[in-house]
Amino acid sequence: MSEMITHVEEHRDDEASKLGMWLFIFTELLLFGGLFLVYSIFRAEYPLAFHESSLELSVTIGAINTIVLLFSSMTIAMALTAIQKNDQKRALIFIGITLFCAAIFLVNKYFEWGHKFEMKLYPGSPLMPLLGRGYLLYFSLYFFMTGLHALHIIIGMTLLVVCYFKVKSKNINSKDYVLLENGALYWHLVDLIWIFLFPLMYLIS
Amino acid sequence: MFSNASNFVQGVDSAFFIITGISVFFLVTLTATMIFFVVKYNKKKGKPAIQIKDNSLLEITWITIPMILVLYMFYIGWQGFLPMRQAPKDAMQVKAIGSMWKWTFEYAGNKQSYTLVLPINKPVKVNLVSTDVLHGFFIPAFRIKEDVVPKKHNYSWFIPGQLGDFDLFCTVYCGVSHSYMSAIVRIVNQQDYDKWIAALPVKKANTNSGHAVLEKNGCIACHSLDGSKSVGPTFKGLSGSKVDVTTNGAPRKVTADDAYIKTSIHEPNKDVVVGYPQGLMKSYKGLITDKDIEQINEYLKTLK
Amino acid sequence: MANNTTHTTEYRVLAKILLVLMFLTFLTISITSFHLGAFTVTVALLIAGVKGFLVLSYFMHLKYESLLLRILVGMVFVLFIVIVLITFIDYAYR
Amino acid sequence: MITATEKTEYVSYLDHKGKYKGIFAWIFATDHKRIGLLYMYAIMSFFFIGAFLGLLMKIELIAPGETIMKPQTYNGVFTLHGILMIFMVVIPGLSAVFGNFFLPILIGAKDVAFPKLNRFSWWIFIAGSIMAIASQLLKDGPPDTGWTFYAPYSTTTGTNVIMATAAAFVLGFSSILTGLNFIVTIHQMRAPGMKFFNMPLFPWALYATAWIQLLATPIVGITLLMLIA
Amino acid sequence: MILPAMGVITEIIPTFCQRQIYGYKAVAISSLAIAGVGFLVWGHHMYTSGMSEQARWFFSLLTFIVAVPSAIKVFNWISTMYRGSIDVKPPFLYAISFIFLFIIGGTTGLLLGSVATNVQVHDTSFVVAHFHYIIFGGMGFAFFAAIHYWLPKMYGRMYNFKIAYIAWGINFVGFNLLYFPQFIIGVEGMPRRYFDYPPQFQPMQIVSSIGGFILISGLILMVYNLVQGVRKGAPAPANPWHGSTLEWQIPSPPSLENFDEEPEIKKNPYDYK
């Protein structure tokens, strides 16, 4: 294979994987979009139950989590900036902060869920059939959507941990940082979903 | 040209014939052209192919013509359909109840029948109700069909125009005996109808609360109350009897006491009665409360 | 660095965006704590939309991406809105 | 310009010796042509199972009443026929087999944009298919809802509907990844000088299909999930 | 999902007519149009489910509109045959029977799309027949066309033509016998997914079942022929059909990375001779 072709293909690879990442983000957005649609249909059907159920959620924890996620989203964007400026040390710090924020988010989520379980507010609990179908739907959706979101956080964290070590071993550098870029894109997606999840689940009542 | 079994036959059938006519015309001409080309420009004739690129005028023609035709077909279809959703206010009201797997028709004055008997030339509005899952209310001869959706109001209306018996089918797949969920629609003269409705007994309400629980949860669809064999074992004489069951593949005999009935509701696939397939019933754990089960047990004891 | 056309966003810009986002979050929380009925939903979703737009265009660098990608992202959102509208038109009238 | 004359070192993809031997040379292949053939073998087998089930239904329907099977079996048979044919034959069908094999060739590329992802989607496809078939054989009996899983009937039957829906979900994921791969391939891997309107029409059709797969599958997936809820 | 099938047919027809496709851009853009509108027509499956009038109107219209780009494609295929030099080989036979079956499937689709007639035929075996004409007659036959067309390229071997013609004949007859009667009983009111049915439908059911047996024997014969071709068929040349797209310019079967050199790209996609 000639030298020229190799060069051309490397050039294209980065663009390709970024485009691929974006396409994947589209499907993710529509997946959650579909869930939002389901949510709004059931909400229209059982307005009262949804209203009362959403009062059970703690706005404080939700708000803290929102801020934590927004902050982490910024730090990961900064990590990318740092890499682009060939500043390895700062990049590592920023990725570290992001991972730390993600951990805080999950811990918060753990306490929030634990509280729900204590109050027997989960699908399949003995309390649920007594509350009626609207409540059951609300909490099913709540656990499913936040659960799916938490799953995305974990996937995103794994991706960022990989990025962290690759930055450390200089496999990600100012010349080749498409993996970090994609990881960051994914992390922003997680943030983006939460931006919509938070008001819908916690605030509107 | 059209039968006048109901007032919709003409609208639906004329739409049907026009669309079919256009379709057949296209099918025949296009196929004929295709075969003609295959023969005429066959390679065996040895003529070389002539390259022709596109011709905008031709392209636009065959975008426009189908477009117009399609819009026309849409229009007549819409015209045929419109009256179906506009039931006259003075129409006679009948309630059709679809449940697994039978149709029940309720007339004014709490009268119930399993055959839909209607007077000729009189508009009827059929209110469709489902007690369990989706069903379909379909009378082919009348050209009407509506889905019967649980917990939602839906209706159908028509003016029967011909005496005789017609088939009524369920068109939405609803389980094992879906294909047996049919009924007869009988169109009679006004006098015969009056006579028939007068003879129809008023429905006796079953006030037993256990019975109500069974009905509400759709148990009776599969478990008969009169001893006949259905999808599942009958309830008649069940309470206290000895039952042959298969537990984890091993046959054994159990007494159908209260505990057995509770297990059967919570874990229907644990003890499966011999002669019935496994997996047909889902667990009702969490759907029927312990209190309801007590009432069911009380009621079953009365079924001897 | 011919193989990557990504724009480098300065730290300062990112920090500013974060401040705006935080502000919007508090705005949503305070607005929804008044009971304004159907209005609340609209405002909350509107603010969420603005936040989403900011995240997309600055954090995700969409502002500096190729036109193709921007059109695609726009189309996905338009598509989603169309689906929502269809569902609700159907839902509202049945 | 490449001519059909064979070069001395020309080795066809079928004879190529890679890292793996025997059957693993296929299962671990990243070559789009081998993956295309893998899809073809799988899909043809499912097609014949499906066709056989269809034949069983036709035998049953040859006369009114019970001919060779019970109603419950019949319902299971047409459900399995639908699931097999729709999710495992028709939806992947042409695009996975011939799209994989010929898309890169038609646009003058060496392979698809993400060969490993391509192999991964085949694995997922097989995993989903195994789940779909397993849902028929496990102890609660085959689902009897038809391939559209009409709610609310599907929520009241005691059969393995959840497993079957999950299988459809997994298969959908596979087709999303394939669609994604094709779109990126068409955008980024065209041979130098080939514009969009220089592509043959088969890639065009695949391009349009890939977008549908990418955008419609998540929504369909959600509606499936709604049925479980 | 019919789109790739149309794509395959658009490749096969020009090759066997020795002509380039008529109206390249129209075909390409109609693909996108079908994809766009097709995305929104899922609603036509739920007419009778008591959906709102507005929504019924909307979905019916969309369903009709899909017909237009499909019709454009059919017209373009047929005019590609005009003044060509047509070489009737198995892939071409499958391709034109695809067009035939697709027209039937498509026009019966119009009957389903029209709200009035939909009420009559929805959820009957008419739908089953329509569905199979589109999916099996369309997708399936396009799949068979594609196998017959590209098999020499994939394996570098050729199958037996005579058996391929016979298998095609059996498939075509069997297919129509199997599904056409279902249109008739569908209009008469036979609901789908019925295990049992009233006796007036029996004659057509028998015809249909016989068609089923014929079709499956044709399929078995076809696959047998293809497998034999792969195992011990005569070696196939690089370009057996005198095709004019890129894939025929490389050896059969292709090498691992398809092109040993960067291919030269021509302005017209059908100029590689």
### All strands (runs of 3 or more DSSP E) inside the stretch B:16-122 with 1 or more residues being more than 10 Å from chain E (Cβ to nearest Cβ), farther than 28 Å from residue E:16 by Cβ and hydrophobic (A, V, I, L, M, F, W, C)
B:92-99, B:102-107, B:116-119
### Message
Quick check on my filter: what residues within the stretch C:13-28 are surrounded by fewer than 19 Cβ atoms within 10 Å (Cβ to Cβ) and farther than 15 Å from residue A:68 by Cα?
### Response
C:13, C:16, C:27
### Message
open to solvent by 40 Å² or more (accessible area, probe 1.4 Å), within 9 Å of chain E (Cβ to nearest Cβ) and under 22 Å from residue E:194 (Cβ atoms): which single residue out of B:182, B:177 fits that description?
### Response
B:182
### Query
What do you reckon, is residue E:243 buried (at least 17 other Cβ atoms within 10 Å of the Cβ) and closer than 30 Å to residue D:46 by Cα?
no
### Query
Quick one: in the stretch D:58-71, which of the residues that are facing chain E (nearest Cβ under 9 Å) and not aliphatic (A, V, I, L, M) is surrounded by the most Cβ atoms within 10 Å (Cβ to Cβ)?
D:60
### Summary
When every residue in the stretch A:76-91 that is in contact (Cβ under 8 Å) with a residue 24 or more places away in the chain and buried (at least 24 other Cβ atoms within 10 Å of the Cβ) is compared, the one farthest from the other protein chains (Cβ to nearest Cβ) is A:91
### Task
Can you tell me which residue within the stretch B:132-174, out of those that are among the polar types (S, T, N, Q) and facing another protein chain (nearest Cβ under 9 Å), is farthest from residue B:185 (Cα to Cα)?
B:154
### Message
When the residues of the stretch D:29-39 are narrowed to those that are in contact (Cβ under 8 Å) with a residue 60 or more places away in the chain and in a helix (DSSP H, G or I), which ends up nearest to residue D:92 (Cα to Cα)?
### Response
D:39
### Query
Of E:10, E:63, E:15, which residue is within 22 Å of residue D:208 (Cβ to Cβ), within 20 Å of the chain's Cα centre (by Cα) and modelled with pLDDT under 85?
E:63
### Task
Go through the stretch B:151-175 and give me each residue that's in a strand (DSSP E or B) and charged (D, E, K, R).
B:165, B:167
#### Entry: residue A:52, sole failed condition from (1) open to solvent by 30 Å² or more (accessible area, probe 1.4 Å); (2) among the acidic types (Asp, Glu); (3) under 30 Å from residue A:166 (Cα atoms); (4) in contact (Cβ under 8 Å) with a residue 40 or more places away in the chain
(3)
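State all residues of the stretch E:203-240 that are part of a helix (DSSP H, G or I), open to solvent by 20 Å² or more (accessible area, probe 1.4 Å) and at the interface with another protein chain (Cβ under 9 Å from one of its Cβ atoms); if no residue qualifies, say none. Steps first, please.
Within the stretch E:203-240, the subset part of a helix (DSSP H, G or I) is E:203-232.
Then drop every residue that is not open to solvent by 20 Å² or more (accessible area, probe 1.4 Å), which leaves E:203-204, E:206-207, E:210, E:213-214, E:216-217, E:220-221, E:223-224, E:227-228, E:230-232.
E:206, E:210, E:213, E:216, E:220, E:223, listed by residue number.
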#### Entry: Boolean, residue D:26 is at pLDDT below 85 and either on the phi > 0 side of the Ramachandran plot or in a helix (DSSP H, G or I) (or both)
yes
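Each row is one residue, and each column tells you yes or no for (1) within 15 Å of residue A:73 (Cα to Cα); (2) within 14 Å of chain C (Cβ to nearest Cβ); (3) small (Gly, Ala, Ser).
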{"site": "A:139", "(1), (2), (3)": "no, no, no"}
{"site": "A:157", "(1), (2), (3)": "yes, no, no"}
{"site": "A:173", "(1), (2), (3)": "no, yes, no"}
{"site": "A:177", "(1), (2), (3)": "no, yes, no"}
{"site": "A:186", "(1), (2), (3)": "yes, yes, no"}
{"site": "A:191", "(1), (2), (3)": "yes, yes, no"}
{"site": "A:202", "(1), (2), (3)": "no, yes, no"}
### Message
I'd like the full set of residues that are free of Cβ contacts under 8 Å to residues at least 12 places away in the same chain and more than 18 Å from residue E:206 (Cα to Cα), limited to the stretch D:52-86.
### Response
D:70, D:71, D:73
### Query
What about residue D:83, is it assigned to a helix (DSSP H, G or I), under 30 Å from residue B:176 (Cα atoms), in contact with a helix residue (DSSP H, G or I) (Cβ under 6 Å, 6 or more places away or on another chain) and away from chain E (no Cβ under 13 Å)?
yes
### Breaking point among (1) open to solvent by 40 Å² or more (accessible area, probe 1.4 Å); (2) within 14 Å of chain D (Cβ to nearest Cβ), for residue A:30
(1)
### Query
Where residues in the stretch D:116-139 are touching a residue at least 60 places away in the same chain (Cβ under 8 Å) and crowded, with 22+ Cβ neighbours inside 10 Å, which of them is farthest from the chain's Cα centre (by Cα)?
D:118
### Query
Being closer than 16 Å to residue D:61 by Cβ, part of a helix (DSSP H, G or I), within 14 Å of chain B (Cβ to nearest Cβ) and under 21 Å from the mean Cα position of the chain (by Cα), is that true of even one residue in the stretch E:172-191?
yes
#### Entry: Boolean, residue B:166 is touching a helix residue (DSSP H, G or I) at 6+ places or on another chain (Cβ under 6 Å) and either at pLDDT 80 or above or closer than 19 Å to residue E:119 by Cα (or both)
yes
#### Entry: the stretch B:180-202 - residue that is among the polar types (S, T, N, Q) and modelled with pLDDT of 85 or more and, of those, farthest from the chain's Cα centre (by Cα)
B:191
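Applying the selection to the stretch B:123-134, what residues are at pLDDT 80 or above and either of a type outside the set (Val, Ile, Thr) or in a loop (DSSP other than H, G, I, E, B) (or both)? It would help to see each step written out before you state the result.
Initially, the stretch B:123-134 is screened for residues at pLDDT 80 or above, giving B:123-130.
Scanning the stretch B:123-134 gives B:123, B:125, B:127, B:128, B:130.
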### Query
Mind checking which residues of the stretch B:60-76 are of a type in the set (Ser, Thr, Tyr) and within 13 Å of residue B:19 (Cα to Cα)?
B:72, B:75
### Summary
Exactly one of B:177, B:224 is at pLDDT below 75 and in contact with a Pro (Cβ under 7 Å, 6 or more places away or on another chain), and that residue is B:177
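Take residue A:145 and tell me if it is more than 14 Å from chain C (Cβ to nearest Cβ) and surrounded by 17 or more Cβ atoms within 10 Å (Cβ to Cβ).
Taking the combined requirement at face value, the residue satisfies it.
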### Query
Tell me, which helices (runs of 4 or more DSSP H) lie completely within the stretch E:68-137 with 3 or more residues that are within 10 Å of chain B (Cβ to nearest Cβ)?
E:90-113, E:115-121
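The values are calculated or read from the model by the stated rules, or taken from the named source; none is laboratory data. Fair warning: this is a prediction, and the values are worked out from it, not measured in the lab. Please note: Cβ atoms are built from the backbone with ideal geometry, for glycine as well, and neighbour counts cover all protein chains shown. Heavy atoms of the whole protein, side chains included, go into the accessibility calculation; ligands, DNA and RNA do not. Shrake-Rupley method; radii C 1.70, N 1.55, O 1.52, S 1.80 Å.
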